[in-house]
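Here, each number is a calculation from the coordinates, and none is a lab measurement. Being a predicted model, the structure only gives us computed values, none of them experimental. Cβ coordinates were reconstructed from backbone atoms using ideal geometry, including for glycine residues, and neighbour counts include every protein chain displayed.
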Amino acid sequence: MIPHNITSNDSQQTTCESITDARPRLHDFRGKAAVITGAASGIGLALAEALAARGVDLALADIDAHGLDAARARLASTGRRIFTRVLDVSSDADVRDAAAEFEAELGSVHLVFNNAGIDMSGELASLSEQDWQRAFGINVFGVIHGIRHFLPLLRRHGEPAHIVNTASGAGFWVNSDFPMGAYAATKYSVVALSEALEQELSGTGIGVSVLCPGPVKTPIAEHSIRASEQFKAIVAAGTPPERVASQALEAIRAGEFYIFTPTRMRPRLEKRFGRILDALERAPDMTNGPATT
Ligand SMILES: NC(=O)c1ccc[n+]([C@@H]2O[C@H](COP(=O)([O-])OP(=O)(O)OC[C@H]3O[C@@H](n4cnc5c(N)ncnc54)[C@H](O)[C@@H]3O)[C@@H](O)[C@H]2O)c1
């Protein structure tokens, strides 16, 4: 299938590598503009640096004003246009207003990274109502607000574009080594949102990826109010964020949907999916209509 805005004549020289490949591909980042949430630190900041190095202008959004100032200073020498805005991704109005500002400032936007996120460690029953609101407000509604307000910027120009939502390896498997079930619940949601978005945008020329990192060496645990010592140690030994960023950009070019960074979770995922498939084997057969008892 050919994305709606690409004809078979121009596909060879420009944006679409193979007209038989249905996956939308944004190959050439140079001169494009990107929006990144959670851009003041960690993976978001590494994405900003990797994109600027590839000739991309940037709209950087974060709740941390000082961090954003530092990020802008760090990126000043790249020569790219860098626009920063303090926002809280859990606020629909903040994200809506930011989207309008980013478009006014940068013009057409071709890349969106819904990346802002927080840790939420602790056993489920120990978390307060406020903890739950915060975890889902930032990790899930942050992505929902990005879909509601940043996606229209990608639709506006009709050119190939890409949206990346940051989930986690914890979006597929609940780590039993330390309690992070609430965090996992938010990240499972981000995976589902992303899978739905990919289906809904099929054939539009807008690609979707879900970034599912294993441990990444960022200050995420320092920004957490109750990260366990085990979580801190695992993050400290994680993949450098620069590597995650360059892997993500290559995956966008390749039209990859699931982006996994180095992780040891494969055996645990096999066990989980094996258990699910085994349970399905035991489910009543629906060939002759659903069983009633
Ligand atoms: N570090 C890891 O091991 C790891 C692994 C898997 C997934 N992730 C995910 O990657 C993403 C980035 O995390 P990171 O490791 O770079 O952490 P980080 O703490 O270094 O960066 C997260 C950024 O999000 C910002 N932020 C937090 N709440 C916000 C809000 N309400 N509005 C706007 N910005 C807000 C923070 O200020 C920070 O700059 C998160 O979604 C996280 O869940 C991280």
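Across segment 96-114, the qualifying residues are those that are under 13 Å from His149 (Cα atoms) and assigned to a helix (DSSP H, G or I), and the one among them that is farthest from the ligand (Cβ to nearest atom) is Glu103. For beta carbons closer than 6 Å, sequence separation of 6+ or different chains, a first residue in segment 267-286 that is closer than 22 Å to Gly214 by Cα and a second that is surrounded by 10 or more Cβ atoms within 10 Å (Cβ to Cβ), the qualifying pairs are Arg268/Trp173; Leu269/Phe172; Leu269/Trp173; Arg272/Trp173. For segment 235-256, a residue qualifies if it is touching a Gly at 6+ places or on another chain (Cβ under 8 Å) and among the hydrophobic types (A, V, I, L, M, F, W, C), and exactly one does: Ile252. When segment 225-256 is filtered for residues that are more than 14 Å from the ligand (Cβ to nearest atom) and either in a helix (DSSP H, G or I) or touching a helix residue (DSSP H, G or I) at 6+ places or on another chain (Cβ under 6 Å) (or both), the ones remaining, listed by number, are Glu229, Ser246, Leu249, Glu250, Ala251, Ile252, Arg253, Ala254. Scanning segment 76-95 for residues that are of a type in the set (Gly, Ala, Ser) and either part of a strand (DSSP E or B) or more than 10 Å from the ligand (Cβ to nearest atom) (or both), we see that the one that is farthest from Glu242 (Cα to Cα) is Ala93. Taking segment 26-82 as the range and being β-branched (Val, Ile, Thr) and touching a Pro at 6+ places or on another chain (Cβ under 9 Å) as the test, only Ile43 passes.
Please indicate, with yes or no, whether at least one residue in segment 269-289 is under 15 Å from the mean Cα position of the chain (by Cα) and either among the small types (Gly, Ala, Ser) or within 16 Å of the ligand (Cβ to nearest atom) (or both).
Initial filter on segment 269-289 (under 15 Å from the mean Cα position of the chain (by Cα)): none.
Looking through segment 269-289, none of the residues is under 15 Å from the mean Cα position of the chain (by Cα) and either among the small types (Gly, Ala, Ser) or within 16 Å of the ligand (Cβ to nearest atom) (or both).
Looking across Ala50, Ala59, Ala73, one residue alone is in contact with a Leu (Cβ under 9 Å, 6 or more places away or on another chain), more than 10 Å from the ligand (Cβ to nearest atom) and assigned to a helix (DSSP H, G or I). It is Ala50.
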